[in-house]
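Student: My structure is below; once you've seen it, I'll send some questions.
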Amino acid sequence: MITLIHGASHIIGGRLDNPVLDGDSVLIEDGVTSKVGFWSELDSENVDTTIDVKGAVISPGLIDPHTHPVLGDFTPRQNTLGWISSHLNGGVTTLISAGETHWPGRQRTPIGAKSIAMAAAQSSLDLRPGGAKLHGGALLIEPGITSSDFDEMVEAGVHLVGEVGLGSSIDPEKIRGPIEKARSRGWVIPMHVGGASVPGSHVVGSDLVLALKPDVICHANGGPTARPFEEILECILQTEAAIEVVQAGNTLALVKIVEYLNQNGLLARLQFGTDSPSGTGILPLGILRTIAYATAFGGVDPASALCCATGEVAARYHLDVGVIEAGRAADLVILDVPKGGQGTTALDSFARGDIPSVAMVLVDGEILVHPSRVTPPPANAPQISG
Ligand SMILES: [Zn+2]
């Protein structure tokens with residue numbers, strides 16, 4: 001099966017060292033990108049399907065590294081079915097669990113944490129909830145989790161740690177051991193930073209960040225309550241961690257953080273998440289909205305912001321998605337100016353604070369969304385032939 005997508009104004013590569021690729025077309029063979037370039041130069045014989053995107057932007061599918069799934073496409077936090085499908089309609093093709101925090105009856109014990117991570121990982125091995133790729137089953141660290149617990153979890157497919165700080169203890173001496181066991185297996189360590197999120201959760205400030213040096217400072221702008229900017233700055237300056245901002249946080253802190261990272265050449269550390277489902281709700285447009293905030297308020301170049309939401313975050317989490325490159329999965333989102341919007345391209349829309357239209361989403365080369373049910377329609381709908 002060969003698909004040719006042509007007519008793009010820009011193709012976003014996904015990495016900050018080369019945000020915009022040369023070309024207007026992407027050729028896909030059996031779900032995998034085979035060539036990127038100009039239509040006139042691509043061999044378009046034997047193409048089964050041709051898609052003219054009429055000046056839209058082709059981006060790698062967005063990645064939401066901060067989600068709290070439970071099982072499949074159901075969330076008990078907001079009693080909602082189909083939230084991941086809505087995320088896919090918002091351009092998100094990959095979701096990463098930051099911990100199954102909303103699991104009903106979650107036990108904050110070693111066996112509780114381990115068994116929830118294993119069950120959630122098992123259920124997302126072959127399942128594509130709503131059509132998206134879900135990396136579920138993120139261990140919420142508890143004091144007392146042993147090396148043999150880790151061996152068992154690896155066997156069950158667990159490869160993620162959830163937000164440190166959402167377990168029973170935030171005493172660095174009690175949780176350092178299990179964190180180091182996870183780190184030695186190459187697992188990324190994210191930490192919940194900010195005020196308490198829901199009843200029963202902790203306040204985590206820069207003292208715990210500096211004591212445990214996580215790889216990702218989750219919702220540096222608060223989930224939903226932010227710590228003072230001086231404390232956030234301390235975390236930025238005294239660690240090398242990725243700095244995440246989320247839609248379900250403090251908007252003023254988001255702007256200050258993004259501005260600081262952008263002005264100081266630290267965009268490679270910027271990460272966007274939604275933290276959904278949360279008390280704020282499910283946020284199908286959370287990643288697109290946060291990119292619009294980062295560009296319109298924080299001054300980030302829109303193409304670079306898309307890289308922060310795709311290839312940069314995939315590299316951080318060792319995932320084989322997030323870039324448009326020969327040999328990689330064709331997980332793509334086609335973004336256009338929303339109907340009635342200003343500007344000439346979707347990149348322009350972001351810079352003006354608009355949410356672009358999701359005109360189409362492909363996962364492994366298959367068209368799953370056309371057009372999105374949660375964004376405005378595109379100014380120019382893609383035309384499919386063949
Ligand atoms: Zn959190």
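Taken together, the values in this text are just the output of simple stated rules run on the coordinates, not laboratory data. Here the structure is a predicted model, which means the values were calculated and not measured. Cβ atoms come from the backbone with ideal geometry, glycine included; neighbour counts cover every protein chain shown.
Student: Sort 259, 163 so the one with the fewest other Cβ atoms within 10 Å of its own Cβ comes first. Intermediate values should be presented prior to the final figure.
Tutor: Details: 259 15, 163 29.
Ordered by Cβ neighbours within 10 Å, fewest first: 259, 163.
Student: Can you tell me which of 87-95, 128-136, 39-47 comes out highest on packing, and rank the rest after it, using the mean Cβ neighbours within 10 Å? Provide the component values of the computation, followed by the final result.
Tutor: Working: 87-95: 28.8, 128-136: 21.9, 39-47: 12.7.
In decreasing order of mean packing, 87-95, 128-136, 39-47 become 87-95, 128-136, 39-47.
Student: Projecting each Cα onto the charge dipole of the chain (Lys/Arg +1, Asp/Glu -1 at the beta carbon, about the Cα centre), which of 186, 167, 246 comes out farthest on the positive side?
Tutor: 167
Student: Further, regarding this structure: Count the DSSP beta bridges whose two residues both fall in the stretch 62-284, then state the antiparallel fraction as a percent rounded to the nearest 5.
Tutor: On the way: 5 of 25 bridges.
Antiparallel bridges: around 20 percent, rounded to the nearest 5.
Student: Once you sort the root eigenvalues of the Cα gyration tensor of the stretch 62-284 as a ≥ b ≥ c, which label holds: rounded (a/c under 1.5), prolate (a/b larger than b/c) or oblate (the other case)? Mind dumping the intermediate values first?
Tutor: Working: a/c = 1.61, a/b = 1.13, b/c = 1.42.
Verdict is oblate for the stretch 62-284.
Student: Related question: With unit charges on the beta carbons (Lys and Arg positive, Asp and Glu negative) and the dipole taken about the Cα centre of the chain, which residue among 104, 296, 83 sits farthest to the positive side?
Tutor: 104
Student: What ranking do 12-19, 184-191, 54-61 get when scored by the average of other Cβ atoms within 10 Å per residue, highest first? Present the calculation step by step, with values, prior to reporting the outcome.
Tutor: Numbers: 12-19: 20.4, 184-191: 18.9, 54-61: 26.0.
Most protected by this proxy first, the peptides run 54-61, 12-19, 184-191.
Student: Hey, what's the per residue convex hull volume over the C-alpha atoms of the chain, in cubic angstrom? Before the final figure, lay out each step's value.
Tutor: On the way: hull volume 46.0 nm³, N = 386.
Roughly 119 Å³ of hull volume per residue.
Student: How high is the relative contact order of the stretch 62-284? Use alpha-carbon pairs under 8 Å, at least six apart in sequence, and give a whole percent.
Tutor: Across the stretch 62-284, relative contact order equals 19 percent.
Student: Looking at the chain, what % of its DSSP beta bridges pair antiparallel, to the nearest 5? Spell out each step's value before the answer.
Tutor: Numbers: 33 of 59 bridges.
Taking every DSSP beta bridge with both residues in the chain, the antiparallel ones total about 55 percent.
Student: Something else now. List the residues whose amide H sits under 5 Å from the amide H of residue 138, counting only those 5 or more places along or on another chain, with H placed 1.01 Å from N in the peptide plane.
Tutor: 99, 100
Student: Return the long-range amide H neighbours of residue 368 (sequence gap of 5 or more, or a different chain), with a cut-off of under 5 Å between placed amide H atoms.
Tutor: Excluding prolines and chain starts, which carry no amide H, the hits are 361, 362, 363.
Student: Which value, in debye to the nearest 20, gives the size of the charge dipole of the stretch 62-284 about its Cα centre, when Lys and Arg are +1 and Asp and Glu are -1 at the Cβ? Walk me through the intermediate numbers first.
Tutor: Numbers: 15 positive and 22 negative charges, 48 e Å.
Here the size comes out at about 240 debye.
Student: Here is a follow-up. Looking at the square roots a ≥ b ≥ c of the eigenvalues of the Cα gyration tensor of the stretch 239-333, which shape do they give, rounded for a/c under 1.5, prolate if a/b is larger than b/c, or oblate? Write down the numbers at each step before the final one.
Tutor: Working: a/c = 1.71, a/b = 1.26, b/c = 1.36.
It comes out oblate by the Cα gyration axes.
Student: Something else about it: Within the stretch 62-284, how many Lys pairs that are eight or more residues apart, or on different chains, come under 26 Å at the alpha-carbon?
Tutor: Lysine pairs meeting the criterion: 7.
Student: Which ³J(HN,Hα) values in Hz, rounded to whole numbers, follow from the phi angles of the stretch 27-43 under the Karplus curve 6.51 cos²θ - 1.76 cosθ + 1.60, where θ = phi - 60° and Gly and Pro get x?
Tutor: My calculation for the stretch 27-43 gives 9, 10, 10, 6, x, 10, 5, 10, 8, 10, x, 8, 3, 4, 9, 8, 7 Hz in order.
Student: Then there's this: Distance from the Cα centre of the stretch 208-254 to that of the stretch 25-72, in angstrom?
Tutor: 33
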